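Encoded as structure tokens, the structure appears first; notes follow it.
The values are calculated or read from the model by the stated rules, or taken from the named source; none is laboratory data. Here the structure is a predicted model, which means the values were calculated and not measured. Virtual Cβ from ideal backbone geometry, glycine too; neighbours counted across all protein chains shown. Ligands, DNA and RNA are excluded from the accessible area calculation, which covers all protein heavy atoms including side chains. Shrake-Rupley method; radii C 1.70, N 1.55, O 1.52, S 1.80 Å.
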Amino acid sequence: MATATKIATPVVDVAGVTDPGNPTKENQDTFFTLRCLNHVALGVFDGHGKACGLLASETARNFFRERLSRPETYTALETAPERTLRGLFHECHLAIKEALRHRYEDARNNVQERKGSFLVIKPTLLQKSVLVQGGTTASIVVILHGRTILCANVGDSVTLLSSASAVVPDTSWKALESIARIHNATGPRCSPPADLVAEPARPPLLLMLTGDHSPESLNEFNMVAKARHIPHQPHVPELMFLYDGIVPGTTAAGKRMTLREKHQLLERRPVFVVQNRDIHRAAEGSYYKNIRQEWASLCCTPAKAKYHESLAFTRSLGDFYMHHYGLTHEPDIFQVDLDRLNHSGCTPAFNVIVASDGIWDSWKYGEAAAFVTEALTTGDAADAARRLLQRNKEVAHGIFGSQVDNMTAIVCSIRLKVDNQTE
């Protein structure tokens with residue numbers, strides 16, 4: 001008699017939580033979780049922009065939640081996952097523009113779209129135009145039939161996949177290289193972030209399913225240069241890639257410092273130094289932005305720009321003026337087929353954590369994965385998410401004080417039950 005292994009219908013448990021961090025702050029984070037047919041979808045959005053950051057993240061959440069409630073969306077995702085996800089991100093980007101336009105038009109403002117596809121408010125013919133600001137990160141996870149994970153992201157809200165089994169043989173990063181499909185502007189790449197390599201294997205499988213959109217990424221530097229570069233220097237972007245620094249709020253004369261004046265001070269700290277056609281990273285930044293000791297860095301509009309803007313990442317939804325200078329709403333897209341992992345008789349079990357930087361700034365990836373795995377041994381996804389948020393609030397307040405960021409996390413457990421049948 002032969003023993004056949006059959007993987008039964010997976011059990012997927014998912015829950016999310018959010019908190020402003022500082023109760024005096026507006027919470028511009030949003031999230032959703034949903035089930036459609038036998039699929040699960042979830043997303044985290046971290047808005048930015050004092051006036052419209054929340055509008056941008058709410059618009060993105062509502063857009064993806066509505067589209068991922070349609071059965072036909074999953075048919076398209078199964079047939080052409082990359083094309084479908086890119087199409088959704090493009091439509092969402094445009095939906096945010098219309099939401100920004102309607103907000104100001106409803107307030108009886110004269111909203112104009114300028115060459116470059118960004119919006120301004122023009123009060124009167126003689127008054128200066130005011131830039132319409134607002135954007136959001138987006139990290140979307142779709143679990144098809146509980147077996148195939150699709151992830152797409154712009155910005156710095158990270159998705160982490162980890163094993164929940166005590167022992168998962170042959171599921172190192174090397175084993176996953178042929179399983180994870182990674183699409184980005186520079187083509188496929190299969191290499192783990194340095195932080196994941198440095199951390200001990202807790203749990204045995206630890207995989208980041210989001211692209212690195214930091215201004216410290218040479219891939220992103222080259223991508224932005226390709227979109228819009230300095231005249232006669234096709235390898236140098238017009239946008240400035242700078243290390244952030246602590247700058248005074250006022251000038252020597254006691255006047256409030258403008259954003260352009262702050263950028264002028266930061267220009268002394270470029271992330272990349274360009275000599276002829278050779279590009280290399282500068283030695284170090286000014287301060288760390290998280291406990292993983294990653295430098296705080298920015299993409300800033302050039303000196304000649306009419307409006308002066310900066311972002312801490314190279315991809316986003318919204319932020320149309322920054323996109324005019326080379327940023328993009330095109331996501332990195334990952335796919336992992338869980339059935340293809342070799343479990344050697346162990347019950348296949350995985351955890352997914354999707355969170356905004358208000359969570360990730362206070363954790364090493366392996367420690368967060370281990371915390372959630374432990375929490376799920378005694379509770380469900382909702383309990384694990386609540387415990388993760390509570391612990392994060394304690395740690396973040398100790399590190400960042402009143403500057404603590406909005407924080408949002410979704411915890412998802414996937415249990416692929418194995419039935420051994422004797423024939």
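Between the alpha-carbon centers of segment 141-156 and segment 280-294, tell me the distance in whole angstrom.
What the calculation gives is 29 Å, centre to centre.
Using θ = phi - 60° and the Karplus curve 6.51 cos²θ - 1.76 cosθ + 1.60, what whole-Hz ³J(HN,Hα) does each residue of segment 371-383 get, with Gly and Pro shown as x?
4, 5, 4, 5, 4, 6, 6, 10, x, 8, 4, 4, 5
I'd like the distance separating the alpha-carbon centroids of segment 42-64 and segment 358-415, in whole Å.
The distance from the Cα centre of segment 42-64 to that of segment 358-415 comes to 21 Å.
Can you order the peptides 115-121, 294-300 by their average number of other Cβ atoms within 10 Å per residue, highest first?
Per-residue Cβ counts within 10 Å, averaged per peptide and sorted highest first, yield 294-300, 115-121.
Can you list residues whose amide H is under 5 Å from Val158's amide H, if they're 5+ apart or on another chain and H is modeled 1.01 Å from N?
For Val158, whose amide H was placed from the backbone, the distant partners under 5 Å are Ala355.
With a 10 Å radius around each residue's Cβ, average the other Cβ atoms per peptide and rank 261-268, 141-148, 206-213, highest first.
206-213, 141-148, 261-268
Which residue, chosen from His263, Phe313, Leu298, occupies the Cα position most advanced towards the positive end of the dipole of segment 218-314, where the dipole is computed from +1 (Lys, Arg) and -1 (Asp, Glu) charges on Cβ about the Cα centre?
His263
If amide H atoms are built 1.01 Å from N in the plane of the peptide, which residues on other chains or at least 5 residues away come under 5 Å of the amide H of Asp332?
Result for Asp332 returns Asn153, Gly211.
For q = 0.14, 0.21, 0.22, 0.25 Å⁻¹, what log10 I(q)/I(0) does segment 218-314 give under the Debye formula with an equal point scatterer on each alpha carbon and no solvent?
-0.55, -1.13, -1.21, -1.41
Starting from the coordinates of the alpha-carbon atoms of segment 42-142, obtain the Kirkwood hydrodynamic radius over all distinct pairs and give the value in Å to one decimal.
Hydrodynamic radius (Kirkwood, Cα only) of segment 42-142 equals 14.9 Å.
If you plug each phi of segment 121-135 into the Karplus form 6.51 cos²θ - 1.76 cosθ + 1.60 with θ = phi - 60°, what whole-Hz ³J(HN,Hα) values come out, in order, with x for Gly and Pro?
So the Karplus estimates, Gly and Pro as x, are 9, 10, x, 9, 4, 9, 8, 5, 6, 10, 6, 7, 10, x, x Hz.
If you take every residue apart from Ala385 with its C-beta less than 15 Å away from the C-beta of Ala385, what net charge results, scoring Lys and Arg +1 and Asp and Glu -1?
-2
Which of the lysines could be linked to Lys50 by a straight reach, that is with a Cα gap under 27 Å, when you skip same-chain ones fewer than 8 residues away?
Lys25, Lys97, Lys115, Lys122, Lys128, Lys255, Lys262, Lys289, Lys304, Lys306, Lys393
Starting from the residue with the highest accessible area, list Phe31, Phe63 in decreasing order, probe 1.4 Å.
Heavy-atom accessible area, descending, gives Phe31, Phe63.
How far, in nm, would the chain grow between Arg108 and Ala51 when pulled straight, counting 0.36 nm per residue and subtracting the alpha carbon separation?
Taking Arg108 through Ala51 to full extension adds about 18.9 nm, to one decimal.
For segment 221-226, just list the computed ³J(HN,Hα) in residue order, Karplus coefficients 6.51, -1.76 and 1.60, θ = phi - 60°, integers in Hz, with x standing in for Gly and Pro.
4, 5, 4, 5, 4, 5
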